[in-house]
Amino acid sequence: MTEKQCEICGAEISGSPQKIVIDRSTMEVCKSCARFGKPEDKWSPVPRKMVPVERAFIVRRPKPRDQFKDLVELVPEFGRKIREAREGLGLTLEELGARIKEKATLLKKIEREDISPEDDVRKKLEKELKIKLTDQASEAQVKSGGSGRGLTLGDIASIKRK
Ligand SMILES: [Zn+2]
């Protein structure tokens, strides 16, 4: 008659109820439901000192994209580099153009260094030919790592476009 009911499962509690704290409110529960909450420290017959689990709010923000990253210097002789890489793959200007969806005439101008490739064209060339056309200290470090670089947003965008 004086038995209490577990506030979680409703079972009658024989003996002393376990006081636990769930969501900052104290509940009297049976032994098997005690695990759902934190024992109320001063009362609990089994004073397990539980350190409140601090939620680690470590939000990993993606690094803001360096706005100047695209304003990179092209390597000297980028045209020759492109041509050599292209010829190394046995591709004609037309074939390369078809692969990266650019006009062969444009690529020809780039190879002659009449014009500098725009960023997206440059990235497609770099990706297709597996070469680096930019001259950046940070990229040089990546390069020394050996296996080339990871995808950039530009690469991903150009993949999606395919
Ligand atoms: Zn219960």
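FYI, it's all coordinate maths here, none of it is from the lab. Because the structure is predicted, anything quoted here is derived from the model rather than measured. All Cβ positions, glycine included, derive from the backbone under ideal geometry; neighbour counts span all protein chains shown.
What to note about this one:
- Point-to-point label distance, K130-S14, nm (Cα→Cβ direction, 7 Å offset): 7.3 nm
- Potential lengthening of the chain between E94 and V21 amounts to 19.1 nm, from the contour at 0.36 nm per residue minus the alpha-carbon distance.
- The three principal axes of the Cα atoms in region 77-130 give end-to-end lengths of 23, 21, 19 Å, sorted in falling order.
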